[in-house]
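Presented below is the structure to which this report refers.
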Amino acid sequence: APLTGKILIDATNPLLAGLAGLEYANTTSGAEQIAAWSGGATVVKAFNTVGYNIMAQPAFGEARPVLFYCGDDTTAKATVRELI
């Protein structure tokens, strides 16, 4: 109940121990599992494709960095986009 109506950013990757594969892959996703556990939060996947070192120094000369994000709620995605 405390997360109902909140936006939850999922920055995880559902890797198995030893990096042997994905815990969730073919029938559901890690973000869908996080949503099931979060009790009513709107989940947006972001920040899981780049390490802290790149976030701390996101300079690539003239190139503009890209950070992917996804979700099924347009308003929540717009909020996360602003954070990115």
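Output the helices (runs of 4 or more DSSP H) that fall wholly within the chain and possess 2 or more residues being at pLDDT below 90, or say none.
Here the list reads 30-37, 52-56.
Determine, yes or no, whether Leu8 is more than 20 Å from Gly51 (Cβ to Cβ), surrounded by 10 or more Cβ atoms within 10 Å (Cβ to Cβ) and within 11 Å of the chain's Cα centre (by Cα). Quick ask: steps written out before the conclusion?
Numbers: more than 20 Å from Gly51 (Cβ to Cβ): yes; surrounded by 10 or more Cβ atoms within 10 Å (Cβ to Cβ): yes; within 11 Å of the chain's Cα centre (by Cα): yes.
Yes, satisfied.
Filter region 71-84 down to the residues that are under 13 Å from the mean Cα position of the chain (by Cα) and either more than 17 Å from Thr4 (Cβ to Cβ) or open to solvent by 80 Å² or more (accessible area, probe 1.4 Å) (or both) and list them by number.
Asp72, Lys77, Val80, Arg81, Leu83, Ile84
This table checks each residue for (1) surrounded by fewer than 13 Cβ atoms within 10 Å (Cβ to Cβ); (2) free of Cβ contacts under 8 Å to residues at least 12 places away in the same chain.
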residue	(1), (2)
Pro2	yes, no
Ala17	yes, yes
Leu22	no, yes
Asn26	yes, yes
Val44	no, no
Gly51	yes, yes
Phe60	yes, yes
Tyr69	no, no
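The values are calculated or read from the model by the stated rules, or taken from the named source; none is laboratory data. None of these values were measured; they are calculated from a predicted model. Methodologically, a virtual Cβ is constructed for each residue, glycine included, from the backbone with ideal geometry; neighbour enumeration extends over all protein chains shown. These accessible areas exclude ligands, DNA and RNA; they are computed on the full protein's heavy atoms, side chains included. Shrake-Rupley method; radii C 1.70, N 1.55, O 1.52, S 1.80 Å.
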